[in-house]
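Scroll down for the structure; my scribbles are underneath it.
The values are calculated or read from the model by the stated rules, or taken from the named source; none is laboratory data. Model, not experiment: these values are computed from the prediction. Here Cβ is always computed from backbone atoms with ideal geometry, including for glycine, and neighbour counts include all displayed protein chains.
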Amino acid sequence: MKYENTRKIVLEAILEAVELGLIHGTSGNIALRADEDDVVAVTPSGISYSKMTADQIAIVDLNGKWLDGPFKPSSETPMHTACMRARKDVRATVHTHGMFATIAAMSGELLPVTPPQCEFVPVGIVPFTMPGSNEVADRVVEALGEKGRAVLIKNHGMFCCGKDMKAAMAATIYTEEMAQTAYYAKVAGVFQPMPEEAVRAMKALIEADQAV
Ligand SMILES: [Zn+2]
C-alpha cells in the first residue's frame, strides 16, 4: 500500500473522532499531507468510518485530484487541500459537524474559558456557503489567516488545522470543548470568558512552549 503510514494516521484520527463523538455517521473528514510526496491522504466519501481500513483512505494531489484508493475522496476535500496549499506550516486538517461548535457558529463568537483553549483563539467564523465548494474553501483559508488553528462554519460545523495530526486533533477537541463550556455557562447564566489579558499571556506562554 502506498503512503501506508500517512493513511494509518488518518484512519486512527477518524476513529478517535468517532469515539469522542466529534463525528457521527459519515459526516466530517480528516486529511494529512504525506512526508514523502506532495500528496494528501483524505477520508473517502460516504463510507462508514467504523469499519474502514487504511487502504480505503483516498490519496489526492494538492489540488484535490484523486490519485489512489478505491473510494472517491471526501466531497469536502477542497477545504483541506486549499488550507495545505495556503499554509506551509499545516500538514493535518480536521473538519467536523460537532454540535456545540455548530451552535457557537450561530452565536457569532467563541471565547476561551480555560487556559488550554487559548492556543486555538481567535476562532474565526465563516458565513454559510455550499459544502464542498471552492468558495467555502476560500472563506475558511481567509478566516484562518497566517496563524489560525480553528474556524467555525455557520450552519455547518468546524475546520481545524495543525503542524501534525496530534496538533490538528487537539485544536478540534479543545475548540469543541470551548463551545460546549460556553454553551452550558450561558444556559446557566454564569458565562465569564477568560480576561483578554490572560488570554494574551497564555498564548505567549504556549508559543514559547512554556505552558504547563
Ligand atoms: Zn461538512
Of the residues in region 200-212, those that are in a loop (DSSP other than H, G, I, E, B) and surrounded by 14 or more Cβ atoms within 10 Å (Cβ to Cβ) number 1
Only one of Ala143, Ala150 is without any contact (Cβ under 8 Å) to a residue 24 or more places away in the chain and within 16 Å of the ligand (Cβ to nearest atom), namely Ala143
Just one listed residue, out of Ala105, Ala188, is at pLDDT 95 or above and within 16 Å of the ligand (Cβ to nearest atom), and it is Ala105
Counting only residues in region 1-14 that are assigned to a helix (DSSP H, G or I) and of a type outside the set (A, V, I, L, M), the one surrounded by the fewest Cβ atoms within 10 Å (Cβ to Cβ) is identified as Glu4
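Just one of Glu197, Glu176 is crowded, with 20+ Cβ neighbours inside 10 Å, modelled with pLDDT of 95 or more and among the acidic types (Asp, Glu); which is it?
Glu176
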Discussion item. Just to be sure before I move on: is Val10 within 16 Å of the ligand (Cβ to nearest atom) and in contact with a helix residue (DSSP H, G or I) (Cβ under 9 Å, 6 or more places away or on another chain) in the structure I sent?
Written reply: no
Residue pairs qualifying under the 9 Å Cβ cut-off, at least six apart or on distinct chains, with the first in region 10-32 being on the phi > 0 side of the Ramachandran plot and of a type in the set (Lys, Arg) and the second being part of a helix (DSSP H, G or I) and surrounded by fewer than 23 Cβ atoms within 10 Å (Cβ to Cβ), are none
Picked from region 124-140 (must be in contact with a helix residue (DSSP H, G or I) (Cβ under 6 Å, 6 or more places away or on another chain) and in contact (Cβ under 8 Å) with a residue 40 or more places away in the chain), the residue surrounded by the most Cβ atoms within 10 Å (Cβ to Cβ) is Val140
Residues in region 103-138 that are farther than 29 Å from Gln192 by Cβ, part of a loop (DSSP other than H, G, I, E, B) and small (Gly, Ala, Ser) total 2
When region 25-51 is checked residue by residue, the ones that are within 12 Å of the ligand (Cβ to nearest atom) and under 15 Å from the mean Cα position of the chain (by Cα) are Ser27, Gly28, Asn29, Ile30, Thr43
Would you confirm, using the coordinates I've provided, whether Gly21 is under 11 Å from Thr96 (Cα atoms), buried (at least 23 other Cβ atoms within 10 Å of the Cβ) and within 17 Å of the chain's Cα centre (by Cα)? no
Phe100: passes all of (1) of a type in the set (Phe, Trp, Tyr); (2) buried (at least 18 other Cβ atoms within 10 Å of the Cβ); (3) part of a loop (DSSP other than H, G, I, E, B) but (3)
